[in-house]
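Participant: Could you have a look at this structure, given as structure tokens, before my questions?
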Amino acid sequence: MLEIPQALYDAMVAHARRDHPDEACGVITGVGGRPARLLEMENAARSPTFYEFDSAALLALYRDMDDRDEEPYVIYHSHTATEAYPSRTDIAYASEPGAHYVLVSTREELGDAAELRSYRIVDGEVTEEPVRVTDENPGTGRSPA
Amino acid sequence: MSIEVRIPTILRTYTGGAKSVEGSGASLDELLTDLDGHYDGIRGRLVADDGALHRFVNVYVNDEDVRFTGGLTTALKDGDNVTVLPAVAGGSAVHTVAGG
């Protein structure tokens, strides 16, 4: 199960809507299995059908997480024309077995409704998990320096 | 000749859980072969069947992505730091050209 503070849930949805029709992507870092900071990442592919963390930004992110003893808690991205389910590409690239992979769909027929779903992806196997929104306060970090 | 190599979580099964290991080699290619001698199979997770670095991983030598410095032929010297990270990428496209 993904436990996520309301503010972080809303931030992922807002980011996905802001970058629509391109795919949005980012990370929520975690400490000891709890969410810490949401970091919006630039989609280096700037594409409606593909996302990729910029290579230099990825290195900076992992250095930063290392310094703070953080782990990737959530790795999220949006699908802008399809449902919030991992594609074959998503599954092929997924390589953080400890992370929650969150998909946000901003496809047109949803209107104002948000579709946010969470998965574990381990060795190419996808398992959907329930999402529980909590009202605790997360960290307020925005982006890696 | 000693080069520090930082290992991502997903490959630490090969290194007995170590986050960082030491290796040697005058090029990235030689280093990965050296590492494979100690951590059997790790090279195959980084180098694809076509002999180039796998598109699912990013390898950096002293903060420089080796895609821009000659890939496996990138020269190494004593004291260099090598970092391996899984690419964070994906998307709704089934076929992708951007996955580089």
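The values are calculated or read from the model by the stated rules, or taken from the named source; none is laboratory data. The model shown is predicted, which means the values in this text are computed figures rather than measured ones. Heads up, the Cβs are rebuilt from the backbone with ideal geometry, glycines too, and the neighbour counts pull from every protein chain shown. Accessible surface is based on the protein model in full, side chains and every heavy atom, while ligands, DNA and RNA are left aside. Shrake-Rupley method; radii C 1.70, N 1.55, O 1.52, S 1.80 Å.
Participant: Inside the range B:3-23, can you point out the residues that are open to solvent by 40 Å² or more (accessible area, probe 1.4 Å) and polar (S, T, N, Q)?
Facilitator: Within the range B:3-23, B:Thr9, B:Thr13, B:Ser20 qualify.
Participant: Now for a different question. Would you mind stating whether B:Asp36 is touching a Lys or Arg at 6+ places or on another chain (Cβ under 6 Å) and either surrounded by fewer than 17 Cβ atoms within 10 Å (Cβ to Cβ) or part of a helix (DSSP H, G or I) (or both)?
Facilitator: Yes; evaluated as a whole, the condition is true for this residue.
Participant: Would you kindly identify the strands (runs of 3 or more DSSP E) lying entirely within the range A:34-120 that contain at least 1 residues that are small (Gly, Ala, Ser) and either at the interface with chain B (Cβ under 7 Å from one of its Cβ atoms) or open to solvent by 10 Å² or more (accessible area, probe 1.4 Å) (or both)?
Facilitator: Because the criterion is at least 1 residues that are small (Gly, Ala, Ser) and either at the interface with chain B (Cβ under 7 Å from one of its Cβ atoms) or open to solvent by 10 Å² or more (accessible area, probe 1.4 Å) (or both), the strands (runs of 3 or more DSSP E) in the range A:34-120 that meet it are A:34-41.
Participant: Looking at the range B:60-71, is at least one residue within 11 Å of the chain's Cα centre (by Cα), touching a residue at least 60 places away in the same chain (Cβ under 8 Å) and either open to solvent by less than 50 Å² (accessible area, probe 1.4 Å) or more than 10 Å from chain A (Cβ to nearest Cβ) (or both)?
Facilitator: So far as the range B:60-71 goes, no, none of its residues is within 11 Å of the chain's Cα centre (by Cα), touching a residue at least 60 places away in the same chain (Cβ under 8 Å) and either open to solvent by less than 50 Å² (accessible area, probe 1.4 Å) or more than 10 Å from chain A (Cβ to nearest Cβ) (or both).
Participant: Exactly one of these conditions fails for A:Asp135: (1) of a type in the set (Asp, Glu); (2) open to solvent by 80 Å² or more (accessible area, probe 1.4 Å); (3) without any contact (Cβ under 8 Å) to a residue 40 or more places away in the chain. Give me its number.
Facilitator: (3)
Participant: Something else now. Are any residues in the range A:1-33 assigned to a strand (DSSP E or B) and either open to solvent by 10 Å² or more (accessible area, probe 1.4 Å) or acidic (Asp, Glu) (or both), and if so, which ones?
Facilitator: A:Glu3, A:Val31, listed by residue number.
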